[in-house]
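Written below as structure tokens is the structure these notes are about.
Read-outs: derived from the displayed coordinates by stated rules, not from any lab. None of the values given here were measured: they were computed from a predicted structure. Cβ: placed from backbone, ideal geometry, glycine included. Neighbour counts: every protein chain shown.
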């Protein structure tokens, strides 16, 4: 028999998955801004960069890359995958 899921459990799961997704979106936006050399003087790029720094956790510098672009891809891409996986895992646990 399949267990019934209550609506509060699925709402919490959706919320946790959504938070993980939004954190990953901020990190991916930072990657895109660096890849396409978005104006660093712009308010949007600065805000996203400031938000992405603490979200990257311990990933910056974990793997050394020969170029700056590849380094940003590794650092923030790994962090984005981490937040997506954590949000999905917590969503599964609490859903």
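Most exposed first by the Cβ proxy, i.e. fewest other Cβ within 10 Å, how do 75, 37 rank? Present the calculation step by step, with values, prior to reporting the outcome.
Working: 75 23, 37 9.
So the residues, fewest neighbours to most, are 37, 75.
If you take the square roots of the eigenvalues of the alpha-carbon gyration tensor of the stretch 35-95 and sort them as a ≥ b ≥ c, do you get rounded (a/c under 1.5), prolate (a/b over b/c) or oblate?
Working: a/c = 2.82, a/b = 1.55, b/c = 1.82.
Since a/c reaches 1.5 but b/c is at least a/b, the shape of the stretch 35-95 is classed as oblate.
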